[in-house]
Amino acid sequence: DLTEVAVIDIPSGKITKKIPVEGAQFLNDITVDAKGNVYVSDSRTGKVHKIENGTAITYLENLKNPNGLLALGDDLFVLASGTLYKAGADKKLKTIAEGMDASTDGVEQVKSGEYIVSCWSGVVYYVKDDGSKQQLLDTRTDKINSADIGYDANNKIVYVPTFFRKSVVAYQLQ
């Protein structure tokens with residue numbers, strides 16, 4: 001939802017609770033850490049909120065269009081306008097890679113220090129902790145958007161939803 005997070009009981013498919021996020025305007029991506037804390041980005045307000053014990057608080061702010069989130073250990077990876085950041089437990093942002101298409105959307109870890117990043121405009125990158133990046137896919141000229149992504153580490157398959165094309169394309173990562 002745009003202003004609250006719905007808790008859904010998967011077996012029944014029923015919403016069991018809604019957690020309001022004060023001041024939210026456009027909640028976008030969501031991730032859960034190993035402790036069960038939920039993080040949700042708000043692309044319009046420039047914030048990332050943390051939900052702990054059913055209560056939402058502002059965790060990070062003053063970001064430019066934050067979208068994709070990924071919790072790994074004590075770190076939170078945040079995509080914001082073409083930049084991949086890492087925030088440690090101290091909440092200090094470290095730039096991992098920058099200069100990607102400004103519509104960065106989804107992030108998945110391939111292996112330690114290596115990530116797949118998607119962009120709404122149709123670009124997919126392979127990004128490393130040293131800041132290097134390689135463009136793997138570009139469907140902008142075909143006007144095929146690539147929303148948030150999924151990654152199957154066992155089979156090395158990247159799943160890319162095409163959004164308005166109403167399909168999901170699977171790519172084998174080499």
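The values are calculated or read from the model by the stated rules, or taken from the named source; none is laboratory data. Just so we're clear, the structure is a prediction, and the values are computed from it rather than from any experiment. When we count neighbours, we look across all protein chains shown, and the Cβ atoms used for this are built from the backbone with ideal geometry, even at glycine. The area values use the complete protein model at the heavy-atom level, side chains included, leaving out ligands, DNA and RNA. Shrake-Rupley method; radii C 1.70, N 1.55, O 1.52, S 1.80 Å.
Taking residue 68 and the conditions (1) open to solvent by less than 60 Å² (accessible area, probe 1.4 Å); (2) out of contact with any Gly (no Cβ under 6 Å at 6 or more places or on another chain); (3) in contact (Cβ under 8 Å) with a residue 24 or more places away in the chain; (4) under 25 Å from residue 125 (Cβ atoms), which numbered condition does it fall short on, given that it satisfies the others?
(2)
Name the single residue, out of those in the stretch 8-54 being of a type in the set (A, V, I, L, M), open to solvent by 60 Å² or more (accessible area, probe 1.4 Å) and in a strand (DSSP E or B), that is nearest to residue 73 (Cα to Cα). Outline the logic, then answer.
Step one: filter the stretch 8-54 for residues of a type in the set (A, V, I, L, M), giving 8, 10, 15, 19, 21, 24, 27, 30, 32, 34, 38, 40, 48, 51.
Remaining after also requiring open to solvent by 60 Å² or more (accessible area, probe 1.4 Å): 8, 10, 15, 30, 32, 34.
Still in the running and in a strand (DSSP E or B): 8, 15, 30, 32.
On the way: 8: 24, 15: 28, 30: 16, 32: 10 Å.
By that ranking, first place goes to 32.
Name every residue in the stretch 157-169 that is of a type outside the set (Val, Ile, Thr) and either modelled with pLDDT of 95 or more or under 21 Å from residue 78 (Cβ atoms) (or both), in order of residue number. First the steps, then the outcome.
Just the residues of the stretch 157-169 that are of a type outside the set (Val, Ile, Thr), to begin with: 159, 161, 163-167.
Result: 159, 161.
With 133, 111, 166 as the choices, which residue is surrounded by fewer than 19 Cβ atoms within 10 Å (Cβ to Cβ) and either closer than 30 Å to residue 4 by Cβ or in contact with a helix residue (DSSP H, G or I) (Cβ under 9 Å, 6 or more places away or on another chain) (or both)? Break it down into steps so the answer makes sense when it comes.
Values: 133 fails: either closer than 30 Å to residue 4 by Cβ or in contact with a helix residue (DSSP H, G or I) (Cβ under 9 Å, 6 or more places away or on another chain) (or both); 111 fails: either closer than 30 Å to residue 4 by Cβ or in contact with a helix residue (DSSP H, G or I) (Cβ under 9 Å, 6 or more places away or on another chain) (or both).
That would be 166, the only listed residue that is surrounded by fewer than 19 Cβ atoms within 10 Å (Cβ to Cβ) and either closer than 30 Å to residue 4 by Cβ or in contact with a helix residue (DSSP H, G or I) (Cβ under 9 Å, 6 or more places away or on another chain) (or both).
Out of the stretch 136-163, which residues are outside any loop (DSSP other than H, G, I, E, B), surrounded by 17 or more Cβ atoms within 10 Å (Cβ to Cβ) and of a type in the set (Val, Ile, Thr)?
Matches in the stretch 136-163: 158, 160.
Of the numbered conditions (1) on the phi > 0 side of the Ramachandran plot; (2) open to solvent by 80 Å² or more (accessible area, probe 1.4 Å); (3) in contact with a Lys or Arg (Cβ under 6 Å, 6 or more places away or on another chain); (4) not acidic (Asp, Glu), residue 57 satisfies every one except a single condition; which is it?
Here residue 57 meets the rest and fails (1).
So, of the residues in the stretch 116-156 that are under 14 Å from the mean Cα position of the chain (by Cα) and hydroxyl-bearing (Ser, Thr, Tyr), which turns out to be modelled with the lowest pLDDT?
146
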